Every structure is written in C-alpha cells, then in structure tokens.
Amino acid sequence: MPGLFIDVEVADSVRGDAELAKKLEEVCPVDIYTATGAGVEIREEQLDECVLCELCLEAAPPGTVKVIKLYAGGAALER
Ligand code: SF4
C-alpha cells in the first residue's frame, strides 16, 4: 500500500540503473529504496517514514527523483 503522506517518483533512467540503486539504498536513512541488482525498487510500506532529508535527491541526477508531500497538496521536493 502506498504512503498516505509521502510518495516517491523515480525516473525510468534511474529505476533501471543498478549503480544508482545501490547509492539510493545507502543514503536513505529509512530504507525506502532497495537495490535489486536490476535497478531500484521503492518500498511502499516505508514511504511514510521519509524524513525529507533530501539525500536521495542529492544522490541522483537532477530531475530524476521526486519526493512528493501528499499531505501538502502534492508539493514536491526535487532538484
Ligand atoms: S528524502 Fe531522505 S528519507 Fe526521504 S526518501 Fe529521500 S533519502 Fe529517504
């Protein structure tokens, strides 16, 4: 089940990038990203644990990862 408060969107170019997947898995303090070897999976049950630290945004190329605050009308953190 997706998060009630937070959603995360990852561009296709990142979704299938195994190296970037590892980086995202490493930086997220609440384990929202899982590196599968073939790319990254979002663990939906963890989404609401997001602490808005922006480390995932810093780790990925600009414009490829978006953290959406569903509780704030869909305002997004992105870079
Ligand atoms: S903003 Fe921080 S806590 Fe939220 S998904 Fe990105 S790395 Fe994880």
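The values are calculated or read from the model by the stated rules, or taken from the named source; none is laboratory data. Given the structure is predicted, the values throughout are model-derived calculations rather than measurements. All Cβ positions, glycine included, derive from the backbone under ideal geometry; neighbour counts span all protein chains shown. These accessible areas exclude ligands, DNA and RNA; they are computed on the full protein's heavy atoms, side chains included. Shrake-Rupley method; radii C 1.70, N 1.55, O 1.52, S 1.80 Å.
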Can you run down the residue pairs with Cβ atoms below 8 Å, 6 or more apart or on separate chains, where the first is in the range 52-79 and over 16 Å from D12 (Cβ atoms) and the partner is open to solvent by 80 Å² or more (accessible area, probe 1.4 Å) and assigned to a strand (DSSP E or B)? I68/E9
For the range 8-67: of the residues being hydrophobic (A, V, I, L, M, F, W, C) and more than 14 Å from the ligand (Cβ to nearest atom), which is nearest to R79 (Cα to Cα)? A11
Any residue in the range 26-50 that is more than 15 Å from V14 (Cβ to Cβ) sitting within a Cβ distance under 9 Å of a residue that is among the β-branched types (V, I, T) and more than 8 Å from the ligand (Cβ to nearest atom)? List the pairs, counting only those 6 or more apart or interchain. R43/T34
Looking at (1) touching a strand residue (DSSP E or B) at 6+ places or on another chain (Cβ under 9 Å); (2) open to solvent by 80 Å² or more (accessible area, probe 1.4 Å), which one does V14 not meet, given that it meets all the others? (2)
With respect to L52, is the statement that it is modelled with pLDDT of 95 or more, on the phi > 0 side of the Ramachandran plot and within 12 Å of the chain's Cα centre (by Cα) true? yes
Please specify each residue of the range 37-54 satisfying the condition of being exposed (fewer than 14 other Cβ atoms within 10 Å of the Cβ) and farther than 16 Å from I68 by Cβ. G37, A38, E45
